[in-house]
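The structure appears below as structure tokens.
The values are calculated or read from the model by the stated rules, or taken from the named source; none is laboratory data. Just so it is clear, the model here is predicted, and its values are computed rather than measured. Positions of Cβ are generated from backbone atoms using ideal geometry, with glycine treated the same way; all protein chains shown enter the neighbour counts. Areas reflect the complete protein model, heavy atoms only, side chains present, ligands, DNA and RNA absent. Shrake-Rupley method; radii C 1.70, N 1.55, O 1.52, S 1.80 Å.
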Amino acid sequence: MKVLLVGGAGREHAIAESVARSKKDPELFTVMSKKNPGIAHLCKDFLIIKETDPQIIDYAIKKKIELAIIGPETPLAAGISDRLWDAGIPVVGPRRLAAQIEFDKAWTRDFMKKYAIAGCPGFKVFRKGEDGTDEFIDELGDVVIKPAGLTGGKGVRVMGDHFDIEGAKVYAKEVLKNDDLVVEERLIGEEFTVQAFVDGKNLAFAPCVQDHKRAYDGDKGPNTGGMGSYSDAKDILPFIKGSDYADAKKIMASVVQAIQKETGVAYQGILYGQFMATAKGISVIEFNARFGDPEAMNVLPILENDFLDVCSSIVNGTLDKINVKFKKQATVCKYAVPAGYPDDPAKDSIVEIGAMKDAILFYSSVYEKDNKIYTTGSRAFGVLGIADTIKEAEMKAQSGLSALKGALHSRRDIGTEELIRKRIQHMNELRAH
Ligand code: AMP
Ligand code: GLY
């Protein structure tokens, strides 16, 4: 089967590995904006152009692609999925109208309200240049300010973490100069991610994952694309209840139905729900129209099915005919990022890669020159440990990280017993009040 992958980060390396493991005699072709050495190694051919470039369609036709998989959000927002489908190539990755769930946060909150989707926090949408944010921020008291458009996970600011109420007002006005804006209630609790394969009607869910947005240990420092993530040997995480996971699944299924009603488009691809477990049950932080990065690296390597069977059932609308299963193992993925990331990353610095032994290495934003590997300004490598417990998986990930030599930083605390104890304690305290 000839498969096209769009995207070249750690998430896409995990997708490429899953394609390569397939028994369907896969031939992988990739379009990426920079050469990812890990992906290039698994490809029959690749093309270096922007991941939103319509030339992707010509390339897919020329290579007689039978199935395309879109990794990141930018090609979805640029309508690459629509163009591929229109050229007769089935795509894992929703059409633009359905992908709005990710690239327009204002649309999404209005949509949740219109279809009475559970878990929507108090919010108000403001259009570019509009007034009235001060009054609404005062009314809510504790707020999060979200630019409506794509910001690579770095545009959202949270009161208490990033600013006080006056700072929130200033930031809201700044954002409104260039973009629409959502002001919403700040949710207090613990975050978790649920990813699902979606064929237009049916959803097949992966285990819950917890990502870590902040750059430094103890959830300190600036927001990043995600510094690392873990999942447990069962579907849920130690700090959430089975009913939280069940509620998250219900919300995601109702989103898929409502998207079809609202846009006329069947949602085919990956749906990512980010939730906050709070004292009063779960709320929705956001939806993405793709796998998470790093969260793809947690779940894809433990998928028991042939990944291309799952992809085929997504594009054929037959996900209900296969039993999607994940190994009952815990995973911990840690990103090694350039020292100083995200504010002042050590770019163009050489990394030496030693033997991984017990860990799995995913290449992300690095480049190769004269047989040496260099950092860029973004996250460099995802290192994954898989084991029976989170603790053992963490140790494996950590041993993999120690084999990377260079000006790199990673979070020591992700997946440790101490961090998980803190998460459980936090939820217990919230639920007790
Ligand atoms: P997003 O880009 O929507 O994923 O937001 C980035 C981060 O901001 C999330 O991972 C949360 O930590 C935080 N965040 C977003 N919305 C809220 C909210 N309503 N309450 C509290 N934190 C939030
Ligand atoms: N890990 C967060 C994201 O992929 O958006």
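Miscellaneous remarks
- Cβ-Cβ under 6 Å pairs, at least 6 apart or on other chains, the stretch 22-36 side open to solvent by 10 Å² or more (accessible area, probe 1.4 Å), far side hydroxyl-bearing (Ser, Thr, Tyr): 34/367
- Selection of the stretch 250-274 for residues being in a loop (DSSP other than H, G, I, E, B) and over 17 Å from residue 197 (Cα atoms) yields only 264.
- The residues of the stretch 239-249 that are touching a Cys at 6+ places or on another chain (Cβ under 7 Å) and in a helix (DSSP H, G or I) amount to a single one, 245.
- When every residue of the stretch 297-304 is checked against the conditions, none turns out to be crowded, with 20+ Cβ neighbours inside 10 Å and of a type in the set (D, E, K, R).
- Among the conditions (1) open to solvent by less than 10 Å² (accessible area, probe 1.4 Å); (2) more than 14 Å from ligand 1 (Cβ to nearest atom), the only one that residue 83 does not satisfy is (1).
- Residue within the stretch 96-110 that is in contact with a Cys (Cβ under 8 Å, 6 or more places away or on another chain), within 16 Å of ligand 1 (Cβ to nearest atom) and not aromatic (Phe, Trp, Tyr) present: yes
- Meeting the requirement of 3 or more residues that are within 21 Å of residue 12 (Cα to Cα), the strands (runs of 3 or more DSSP E) wholly within the stretch 340-433 are 360-363, 366-369, 372-375, 381-387.
- Residue 332 being crowded, with 20+ Cβ neighbours inside 10 Å, assigned to a strand (DSSP E or B) and within 16 Å of ligand 2 (Cβ to nearest atom): yes
- Selection within the stretch 157-213 - acidic (Asp, Glu), in a strand (DSSP E or B) and open to solvent by 40 Å² or more (accessible area, probe 1.4 Å): 185, 191
- Condition met for residue 147 (in contact (Cβ under 8 Å) with a residue 60 or more places away in the chain, at negative phi and out of contact with any Lys or Arg (no Cβ under 6 Å at 6 or more places or on another chain)): no
- Tally of residues being over 21 Å from residue 380 (Cβ atoms) and either under 18 Å from the mean Cα position of the chain (by Cα) or open to solvent by less than 10 Å² (accessible area, probe 1.4 Å) (or both) across the stretch 220-234: 2
- If the condition is being in contact with a helix residue (DSSP H, G or I) (Cβ under 7 Å, 6 or more places away or on another chain) and at pLDDT 95 or above, then the stretch 130-144 contributes 133, 134, 137, 143.
- Residue satisfying condition, being under 30 Å from residue 307 (Cα atoms) and within 16 Å of ligand 2 (Cβ to nearest atom), within set 144, 194, 198: 194
- The stretch 275-296, residues that are part of a strand (DSSP E or B), open to solvent by 10 Å² or more (accessible area, probe 1.4 Å) and within 16 Å of ligand 2 (Cβ to nearest atom): 276, 285, 286
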